[in-house]
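One structure is given here, and the rest of the page talks about it.
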Amino acid sequence: MKKNNQILLSTTLISGLLFGLTSCGGGGGGFTGDGIGAGQITGEYNIEISYPNSEAITKLQSEAGGFYSMSGAVLVTDRNGNPPPKGSIIHLDAIDTIKAFGLLDNITGAVITDANPTLADGSATFFNTAKVIRDFSDRYIEANDIVLLVNNADPADKVRFIKSITANTITTTSSYSQVYPGKYAAGTTTYLIGSSDIGVKINGIDPDEPTKKLGAFTKTDISGIGKFRIEYPARPDTIFVGSIAGDTRYDVTGSADVFIIARSSDNSVATIDGSFAFAAIKDLQLSANPTTLGGNANIRLTLTDKEFLLLPYMTITASSSDSGVVTVDGAATSTCVTDDTSLLGEYGICEIAVVCTGAAGETATIDFVANADSAATASTSFTCP
C-alpha cells in the first residue's frame, strides 16, 4: 500500500514539509463543537497535516522500553484562508496495520460491498477471514476497526468505523453521504481497513498547556493550528514501518503501513495522510569490527541511530584505498544492506569480505559510509599477511 519505499531517518532528511491529502468539508458545515472551548463552525473548511523539518523526534524518557515521539500539526482554514474559532476540535486517528483493501463494488447506506477484497500482499481474501499476524497472534477485522476511502470519495465519506462484517460486506457505524459508485466511475474508489496493532498512538496537545496530552483529538489555536505527537515503538523490527514497500518483517507482507487521519467531529471533513513513518533519530552511528586486520576476513558493520537503535534496510558503501592491496567483495568498492537477519538474528548488521591482493606487508585502508548519512563513517586498517 505504501506509495514509495523511501526510508525516513528523521524529518531533517526530508526536503520540505510533509503534507497530507487535503480535503474540504461538504456544504453542511465543518465541525461540531464537542469539547470545552470548541466552536460551532459552518461552511467549508480544509485540514492539512504536516510534520516539522527538524528536531521533531524525541525519545520518551518517561516510558519504559524504547518509544519515539514525533511532533506534528494540523492547519485548519476556510476557503478564504481564515482559521476557525480558537479551541475547535479536530479528531485524530492513527493506524499501522492494513488488514484488507480493494476497489469497492458499491456503497449503499452504511454497507460497503466488495466481491474481491485482498490482503496487503494482493492475495485474495474475504472480510470475515482476512487476517494479519502480530505478536504471534492472528488479528482479524473487528468492530471499531477503521475504514478509509483513500481516493475518489467525498470528504464526508473518507472515514468510518466498522460495526459488523460478512464475507463480502462491511457495515459501518454510520451511513455514507451518497451511493457509490454514483458520480465516481465504477471500480475507482479504493478502500482500506486498518487498526493500530504494532503500537502507533496519537495524542493531541493543548494549545494553552503544551505539556498536556488531550488524547485522540487536538484543539486549534488562534491561527487554526492544532498540535499533536505521534508515539511509536522503536525497535529493529518496528523502525521504518510505513516507509518500506513490501515490508517483510510482518505477516502479511506489506501489511505494516502507517496512516494518520484528522477529521471533524461529524466527519464532514477528513484528511488521510500516508507519508508518516516510524523514523529513526539522527545522527547515525556506524562501527566496523575489526578496526585492524592482518589477513582475509569478513568485516562486520553495525549501524545505529543516535539512541543506539539497530537500523535495518540501510545501505553501507565500502571502498578500498588501494585495490591492488585489498579488495572488498572482490572489487575496489562494494555495498551491503543491513537486513541480513542470519547474523546473530539481528537487523542493523551486514558484512563485507576483504581479500589481500598485494604482497606481504603492504597496507591499505577500507573506508565505510552509510549512504543515508555521509557523516556516519568507519574504517579498518588492513595489512597483507
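Which numbered condition in (1) free of Cβ contacts under 8 Å to residues at least 40 places away in the same chain; (2) in a strand (DSSP E or B) is the only one that PHE382 fails?
(1)
If the requirement is being surrounded by 14 or more Cβ atoms within 10 Å (Cβ to Cβ), touching a Lys or Arg at 6+ places or on another chain (Cβ under 9 Å), basic (Lys, Arg) and on the phi < 0 side of the Ramachandran plot, which of these qualifies: ARG160, ARG139?
ARG139
Being among the charged types (D, E, K, R) and either more than 10 Å from PRO83 (Cβ to Cβ) or in contact with a Cys (Cβ under 7 Å, 6 or more places away or on another chain) (or both) is the filter here; which residues of segment 216-230 pass it?
First pass over segment 216-230, keeping only residues among the charged types (D, E, K, R): 219, 221, 227, 229.
Scanning segment 216-230 gives LYS219, LYS227, ARG229.
Filtering segment 205-224 down to residues that are surrounded by fewer than 19 Cβ atoms within 10 Å (Cβ to Cβ) and among the β-branched types (Val, Ile, Thr), which residue is nearest to SER123 (Cα to Cα)?
Once the filter is applied, the top-ranked residue is THR211.
Among the residues in segment 155-163, are any more than 25 Å from GLY122 (Cβ to Cβ) and among the small types (Gly, Ala, Ser)?
There is at least one residue in segment 155-163 that is more than 25 Å from GLY122 (Cβ to Cβ) and among the small types (Gly, Ala, Ser).
Please state which one of GLY224, GLY199, GLY215 is in the same structural domain as THR58 (by TED's automatic domain parsing), under 27 Å from the mean Cα position of the chain (by Cα) and without any contact (Cβ under 8 Å) to a residue 24 or more places away in the chain.
That would be GLY215, the only listed residue that is in the same structural domain as THR58 (by TED's automatic domain parsing), under 27 Å from the mean Cα position of the chain (by Cα) and without any contact (Cβ under 8 Å) to a residue 24 or more places away in the chain.
Just to be sure, is LYS183 in the same structural domain as ARG229 (by TED's automatic domain parsing) and not in a strand (DSSP E or B)?
Numbers: in the same structural domain as ARG229 (by TED's automatic domain parsing): yes; not in a strand (DSSP E or B): yes.
Spelling it out, LYS183 is indeed in the same structural domain as ARG229 (by TED's automatic domain parsing) and not in a strand (DSSP E or B).
Against the conditions (1) assigned to a loop (DSSP other than H, G, I, E, B); (2) free of Cβ contacts under 8 Å to residues at least 40 places away in the same chain, where does ALA115 fall short? Just the number, please.
(2)
Restricting the search to segment 226-258, which residues are hydroxyl-bearing (Ser, Thr, Tyr) and either assigned to a strand (DSSP E or B) or surrounded by 20 or more Cβ atoms within 10 Å (Cβ to Cβ) (or both)?
TYR232, THR238, SER243, TYR250, SER255
Any idea which of (1) assigned to a loop (DSSP other than H, G, I, E, B); (2) free of Cβ contacts under 8 Å to residues at least 24 places away in the same chain is the one SER334 doesn't satisfy?
SER334 satisfies all of (1) assigned to a loop (DSSP other than H, G, I, E, B); (2) free of Cβ contacts under 8 Å to residues at least 24 places away in the same chain except (1).
Filtering segment 259-296 down to residues that are assigned to a loop (DSSP other than H, G, I, E, B) and polar (S, T, N, Q), which residue is surrounded by the fewest Cβ atoms within 10 Å (Cβ to Cβ)?
THR291
For the subset of segment 337-353 comprising residues that are in a loop (DSSP other than H, G, I, E, B) and among the β-branched types (Val, Ile, Thr), which member is modelled with the lowest pLDDT?
Here the residue is THR341.
The values are calculated or read from the model by the stated rules, or taken from the named source; none is laboratory data. Predicted model, so just to flag it, every value in this text is computed and none were measured. For neighbour counting, all protein chains shown are included, and Cβ atoms are generated from backbone atoms with ideal geometry for every residue, glycine included.
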